[in-house]
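Data block below; observations after.
Where a number appears in this text, it was derived from the coordinates with a stated rule and is not lab data. Just so we're clear, the structure is a prediction, and the values are computed from it rather than from any experiment. Glycine also receives a Cβ, built like all others from the backbone with ideal geometry; neighbour counts cover every protein chain displayed.
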Amino acid sequence: MSQAVKPPSLWTNMRELPANVWHSLFRNPLPSDDLQRSSTSFTNFFLHIHPVKVNKNTLRPIYTMGLGLMSFFLFLILVVTGVLLMFYYVPSTTQAYDRMLDLRGTVAFGIFLRNMHRWSAHGMVGVVVLHMCRVFFTGSYKKPREFNWVIGVILFLLTLFSSFTGYLLPWDQLAFWAITVGTSIAAYAPVVGKDIQFLMLGDATVGQEALLRFYVLHVAVLPVIVTLLVAIHFWRIRKDGGLSRPEETATPVAVSVKAVELKKNKTYGLQGFVRGPFTKIGNTPDNSVFAWPNLLIAELFVFILTLAAILTLSMMFNAPLEEPVNVMHPPNPAKAPWYFLGLQEMVSYSAFWGGVGIPTIFVLLLLATPYLDRRTAGVGKWFARERLLANTIFMTFLIVNVVFVIIGTFFRGPNWEFVSPWK
Amino acid sequence: MRLALAIASFVVLIVHGLVFYQQFFHKWENYQTAYFDQARALSKTDAEKAALTARSPRIEQSLVTKFGENRVDRCITCHLAMDDPRFKDHAQPLRTHPYTAGMGDVQVNGKWERRHKFADFGCTVCHDGQGRGLQEHYSHGEDEYWPDPLAGYIVQANWRKDFSTKLKGKDYMQSNCAQCHTEENFAGTALVDRGRKLFFANNCYGCHRIEGLSEGTLGPDLSEVGKKFKIDYLWESIVEPRANLATSFMPQFHLSEQDVKALVIFLKSRRGVNFSETSLQRYRASLNAKRPPEGAAEPVALQGAALISSGEKLVTDHACTACHKLGSRDGGIAPDLSFEGLMKNESWILEHFKNPPSKIPDSIMPTFRFPAADFQAMSTYLASLKTPPPMPTPADTFKELCQRCHGEKGDGHGPIAIYLDPYPRDLTKAGFINSKPVERLQNSIKNGVAGTSMPSWGQVLNDNQIQGVLQYVFTTYTKEPRKEITARKVPEKNPVAASAESMARGEDTFVRRCSGCHGRKADGKGPNSLDILPRPRNLRNTAFVDSVSDRRLFESILYGVQGSAMPSWIDYGLSQNEVGDLVNFIRGINARSAARK
């Protein structure tokens, strides 16, 4: 019989304590072979959202431009800076503006946090739109990714609404009148318009109730919903077989002997649940590479790039803070936040159609897109010739919107009359 | 990829460094260190020196809680030597705040003691500026969004250059002194007091309301004007009333720079609720304002000369000459009253006083709320003014009587013309003058034009003089020789019976054809009206419409008004019946003329 294993002495335990703690935290050494690379991705909580192997197409910078990740990282920056700002902010009409002054003048890093939060919020609206364009122009919303597109559209709307609710919080003239304009656009909806406005403001005009409502929506309700939907958005990418890519025309290399042998191996029961394409494990020659380090380094790059851009912007430009609210003295023109200026511009032609009719149709069209366009050709390619019609329609909508936003931002002066910005 | 990653990481690092530097090294720390060093050099005892050595820079602030609304003033973070008399000759920010007896400071045993202690009052209550800021740019209010920059010290970059230098000077702080020192004749608020007097002397009170002071309704309420606007806006609004609102009819008063300054300071001191009075005091004041002062004796009914002289005093006291001309005093805004008794009778003047638009619908004269007895006395006085000016020649006549409105060149742009509605006739327009019969022109001079500022000169001028001045106008201004007037085929009386259907048809035609200039309400303020001179006629001016015959209305519509923008509608296919409907509509909207029929 074997001798009973002698328990390690206390001294050994103590000596090995740092190493043991370290190894229980980081179970894998820096991977040096393919097995370790797989298990690194597989066993780490933060990394297991990644597949072990990703298609090379996913890593082409020109294909995704990292826009989805960029939106996510901006959201992370927003959460972190937002939580820090919450320590100083009071959603009260008498205190909010004073708190802004304190952030600007007295609180250490206050103005910098506010700048980062402000520019990240504007950036996120822009990047989310670009991300949506990327997905559309590469036809990535098609089967089986229809539902993820729908979630994406909802996330886009939530991004706009989060930014809009945050706009009011500084409680300066800019905030007050932008929200006054924005919520009165909502009031143009037939039948329920006035009720929606009342529900948002809690009053007939923007005041303490509106500030509190916007605050709660901005710091609690919307971020929670966005977090949940982002999680689903990511999870669905995995379940839908990774990012979209062009159909592989032919297997690059003839199946080798090793792959044939692989067929004899036991297939894992769990993988039987996975529908659709999934990443193969083994030495099957295909177009995929290990997520560690290829995907990770790409993600890190996007993160650092995003952070560097936001930090530089926050260093160079201060978030605007205008006069304290003066209910009796509206600025002329009173403008909504820039991403709603397209709406405001359209409202100047027709209140109902510009403010409610066309935007509603536009959103419904976006939501229905993957169910209306069922052809599978041209997926995974920028501006595929097969998708000329769909891309042209989308591009037209996009350009019209952008032009309206530009007109509303730069070419509208007092009484919403046309002015030249170069004068 | 890896190189790009390295560069991006480096940028992140650099920005972090910069941000940390920015956030941890403050200008105010240098000021405080400088203060500690210099104070240590000046201090006499070791204990004092040790205390200063022990101090390290930190944010200093006064929290004002017992005076007005709560404020946080961090000004003393930089201005640390405010209460240290040893620093009275140092450069800012380390200079002692001056001690003056004028501010109520007293000397006790050779040491000054402040009346307004910074711990109690803070700084911004007198100086304005932004108490919470720690950077000069923001805390001094140089930032254009800050509503109250340091009063009298800071001129914001976007203020108008032509008068922004005049907005400097410690005097501007008086508007803040007046928040608590509300009593008139307070020595420290001399300019506020002067501004208040000017507010009455220039008849601002006639149009503007200031709670507790005046009840005017024509212009904006100024009760909280000091809270809403910065001093540059106030200055601009006084010297150029149309700078911000092109359609404003506020007269441009001819004030000296010192007077404008005093008015600006006075207006800046109007902030609505005053934190030196309690809500109870305020409520009591509003109750008392509605009640006539107790024990006021019933005014003795005056007669004859006494009535006239009391009227004269009232006209002087109420500052009528801030706008009108009366004898040697001339406000340069409203008509000459020097011989009013020759042009208007007493009852007309009295009715006009009570409600100016009832006589001249588009008059800008405010409706004053004086007691009826005062109106009576003033009317009697004005009606007693019956001495015409000497005018030996027609040229003198024009100069004395006509030039104020019709202008030196006779082109209708007289000095007070912009305040008159309808605008004075342009006498150089031969198209108009030569297309009207001489009798009509004579009649306009002799009997005036109803509903407008053209008075009847029949009692001032005899028929010969009227002929003379008319000839003078023809030769000097109109210049073109008169021609035979073409006879038009126009009905004397409206052939279309005035019925509801006819008026409805007329309204329909009016909205389609006429409203572009005359406006949908027919008040002469259509969208095109601003570009037209003479302005389109206000067809709701009942006095005027009543004074015009059907024939003239027909002629003006069918054949147009030469020398004006009114076209000949016969060329645009209006039939006589349609014009009849229009005339019925125009008569119908002037209620009195409808009743006459």
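Expressed as a rounded percentage, what relative contact order does chain B have, with Cα pairs under 8 Å and six or more residues apart?
On the way: 844 pairs, mean separation 41.6, N = 597.
Computed value for chain B: 7 percent relative contact order.
If you line up the Cα atoms of the range A:34-82 on their principal axes, what length do they span on each, largest first, in Å?
On the principal axes, the range A:34-82 reaches 40, 28, 10 Å in Cα extent.
Using a/c under 1.5 as the rounded threshold, could you call the range B:305-383 rounded, prolate or oblate? The axes a ≥ b ≥ c are square roots of the C-alpha gyration tensor eigenvalues, and prolate needs a/b larger than b/c, oblate otherwise. It would help to have the intermediate numbers written out before the result.
Values: a/c = 1.35, a/b = 1.07, b/c = 1.26.
Rounded, because the longest to shortest axis ratio a/c is under 1.5.
Provide B:HIS208, B:HIS16 in ascending order of the number of other Cβ atoms located within 10 Å of each residue's Cβ, fewest first. Spell out each step's value before the answer.
Working: B:HIS208 23, B:HIS16 12.
Result, fewest neighbours first: B:HIS16, B:HIS208.
By a straight-distance test (C-alpha under 18 Å), which lysines pair with B:LYS429 as possible cross-link partners, with residues fewer than eight away in the same chain excluded?
Excluding near neighbours in sequence, the set is B:LYS409, B:LYS479, B:LYS483.
Which translational diffusion coefficient, to the nearest whole µm²/s, is obtained for chain A from the Stokes-Einstein equation, given a Kirkwood hydrodynamic radius over C-alpha pairs, 20 °C and 1.002 mPa s?
Details: Rh = 25.0 Å.
Calculated translational D: 86 µm²/s.
List the trypsin sites (Lys or Arg not before Pro) within the range B:205-289 that DSSP assigns to loop and that have no more than 15 neighbouring Cβ atoms inside 10 Å.
Working: sites: B:ARG209, B:LYS227, B:LYS228, B:LYS230, B:ARG242, B:LYS261, B:LYS268, B:ARG270, B:ARG271, B:ARG282, B:ARG284; in loops: B:LYS230, B:ARG242, B:ARG270, B:ARG271.
Listed in order of number, the matching sites are B:ARG242.
Which three extents, in whole angstrom, do the alpha-carbon atoms of the range B:22-138 cover along their principal axes, largest first?
45, 39, 24
Relative to the longest principal axis of the C-alpha atoms of chain A, give the angle of the C-alpha long axis of helix A:96-105, reported between 0 and 90° and rounded to the nearest 10°.
Long axis of A:96-105 versus the principal axis of chain A: about 60 degrees.
Among A:380-387, B:40-47, how do they line up by average Cβ neighbours within 10 Å per residue, starting with the highest? Please list the in-between numbers first.
Numbers: A:380-387: 15.5, B:40-47: 10.6.
The most tightly packed comes first, giving A:380-387, B:40-47.
At 24 Å minimum axial length over the Cα atoms and a Kyte-Doolittle cut of 1.0, report the qualifying DSSP H helices in chain B, or say none.
Details: long enough: B:2-24 (33 Å, 1.63).
In chain B, the long hydrophobic H runs are B:2-24.
In debye, nearest 20: dipole of chain B around its Cα centre with unit charges on the Cβ of K, R (+) and D, E (-)? Could you put the intermediate results ahead of the total?
Values: 76 positive and 67 negative charges, 128 e Å.
Here chain B has a charge dipole of around 620 debye.
Any idea what angle helix A:222-239 forms with the longest principal axis of chain A, computed on alpha-carbon atoms, 0 to 90 degrees, nearest 10?
That works out to roughly 40 degrees.
A:MET86 label point, 7 Å along Cα→Cβ, cut-off 19 Å on backbone N: hits in the range A:32-76?
A:73-76
Over all Cα pairs of the range B:450-541, how is the pair count split among 10 Å bins, expressed in % and running from 0 up to the last occupied bin?
Per 10 Å bin, starting at 0, the Cα pair percentages come out as 13, 22, 33, 24, 8.
State, as an integer percentage, the relative contact order of chain A based on alpha-carbon contacts under 8 Å between residues 6 or more apart. Don't skip to the end; give the middle numbers.
Details: 452 pairs, mean separation 105.6, N = 423.
Reported relative contact order: 25 percent.
Inverting the mean 1/r over all pairs of different Cα atoms, compute the Kirkwood radius of chain B and quote it in Å. Don't skip to the end; give the middle numbers.
Numbers: mean 1/r = 0.0334 Å⁻¹.
The Cα-based Kirkwood calculation yields 29.9 Å.
Would you compute, from DSSP H runs of 4+ residues alone, the mean residue ellipticity of the protein assembly as shown at 222 nm, taking -39500 (n - 2.57) per run and dividing by the full residue count, rounded to the nearest 500? Don't skip to the answer; put the middle values down first.
Working: 45 runs with 483 residues, N = 1020.
So the calculated ellipticity at 222 nm is -14000 deg cm²/dmol.
Just checking the output field for B:8-15: average partner chain Cβ neighbours within 10 Å of each residue's Cβ? All intermediate terms of the calculation are to be shown ahead of the outcome.
Numbers: counts 10, 6, 2, 7, 9, 2, 4, 10.
If you average over the peptide's residues, the count of other-chain Cβ atoms is 6.
Could you list A:VAL52, A:VAL224, B:VAL449 so that the one with the fewest beta carbons within 10 Å of its beta carbon is first and the one with the most is last? Walk me through the intermediate numbers first.
Working: A:VAL52 21, A:VAL224 10, B:VAL449 18.
Taking fewest neighbouring Cβ atoms as first place, the list is A:VAL224, B:VAL449, A:VAL52.
Could you work out which residue, out of A:VAL356, A:VAL21, A:VAL107, moves most in a Gaussian network model of chain A, that is, has the largest mean-square fluctuation with Cα springs under 10 Å?
In the Gaussian network model the winner is A:VAL21.
Taking Cα pairs under 8 Å and at least six residues apart, what relative contact order does the range B:37-140 come out at, in percent?
Numbers: 130 pairs, mean separation 22.9, N = 104.
After rounding, I find 22 percent.
Taking the Cα centre of the range B:192-232 as the origin, how large is its charge dipole in debye, to the nearest 20, when only Lys and Arg (+1) and Asp and Glu (-1) carry charge on their Cβ atoms?
Dipole about the Cα centre, nearest 20: 140 debye.
For the charge dipole of chain B, defined by +1 on Lys and Arg C-beta atoms and -1 on Asp and Glu C-beta atoms about the Cα centroid, which residue among B:VAL11, B:GLY412, B:GLY451 has the Cα displaced farthest towards the positive pole?
Projecting each Cα onto the dipole axis, the largest value belongs to B:VAL11.
In vacuo Debye scattering of the range B:394-478, one point per C-alpha: log10 I(q)/I(0) at q = 0.20 Å⁻¹?
-0.92
Is there a quick way to get the dipole size of the range B:22-138? I mean about its Cα centre, with the Cβ of Lys and Arg at +1 and of Asp and Glu at -1; what is the value in debye to the nearest 20? Write down the numbers at each step before the final one.
Values: 17 positive and 15 negative charges, 29 e Å.
Dipole size: approximately 140 debye.
Which lysines, if any, have their Cα less than 29 Å from the Cα of B:LYS111, not counting same-chain residues under 8 positions apart?
The qualifying lysines are B:LYS44, B:LYS49, B:LYS66, B:LYS88, B:LYS170.
Please determine, in degrees from 0 to 90 and to the nearest 10, the orientation of helix A:146-168 with respect to the longest principal axis defined by the Cα atoms of chain A, where the helix direction is its Cα long axis.
40
Using Cα positions and a limit of under 23 Å, work out the lysines in reach of B:LYS489, with same-chain residues fewer than 8 apart set aside.
Those lysines meeting the cut-off are B:LYS436.
Projected onto the charge dipole of the protein assembly as shown (+1 at Lys/Arg Cβ, -1 at Asp/Glu Cβ, origin at the Cα centre), which of A:ALA390, B:TYR283, A:ALA351 gives the Cα projection farthest towards the positive end?
Going by the Cα projections, it comes out as A:ALA390.
Between rounded, prolate and oblate, where does the range B:500-596 land on the alpha carbon gyration tensor, with a ≥ b ≥ c its root eigenvalues, rounded for a/c under 1.5, else prolate if a/b exceeds b/c?
On the way: a/c = 1.39, a/b = 1.18, b/c = 1.18.
Cα axes put the range B:500-596 in the rounded bin.
Take the residue pairs A:LYS335/B:LYS161; B:LYS161/B:LYS268; B:LYS399/B:LYS446; A:LYS194/B:LYS228; A:LYS335/B:LYS268 and return only those whose Cα atoms are more than 22 Å apart.
On the way: A:LYS335/B:LYS161 28 Å; B:LYS161/B:LYS268 20 Å; B:LYS399/B:LYS446 17 Å; A:LYS194/B:LYS228 30 Å; A:LYS335/B:LYS268 29 Å.
Result: A:LYS335/B:LYS161; A:LYS194/B:LYS228; A:LYS335/B:LYS268 exceed 22 Å.
Rounded if a/c is under 1.5, else prolate if a/b beats b/c, else oblate: with a ≥ b ≥ c from the C-alpha gyration tensor eigenvalues square-rooted, which is the range A:1-130?
Details: a/c = 4.53, a/b = 1.63, b/c = 2.78.
Note, shape of the range A:1-130 comes out oblate.
May I ask you to list the chymotrypsin sites (Phe, Trp or Tyr not before Pro) in the range A:311-356 that are in a DSSP loop and have at most 15 other Cβ atoms within 10 Å of their Cβ?
Here the chymotrypsin sites (Phe, Trp or Tyr not before Pro) that fit, given the DSSP loop and packing criteria, are A:PHE317, A:TYR349.
Can you pull a Stokes-Einstein diffusion coefficient for the range B:161-279 at 10 °C (1.306 mPa s), Rh from Kirkwood over Cα pairs, as a whole number of µm²/s?
On the way: Rh = 14.5 Å.
Rounded, D is 110 µm²/s.
Would you please state the base-10 log of I(q)/I(0) at q = 0.09 1/Å for the protein assembly as shown, with intensities from the Debye formula using one equal scatterer on every alpha carbon?
Reported log10 I(q)/I(0), two decimals: -1.18.
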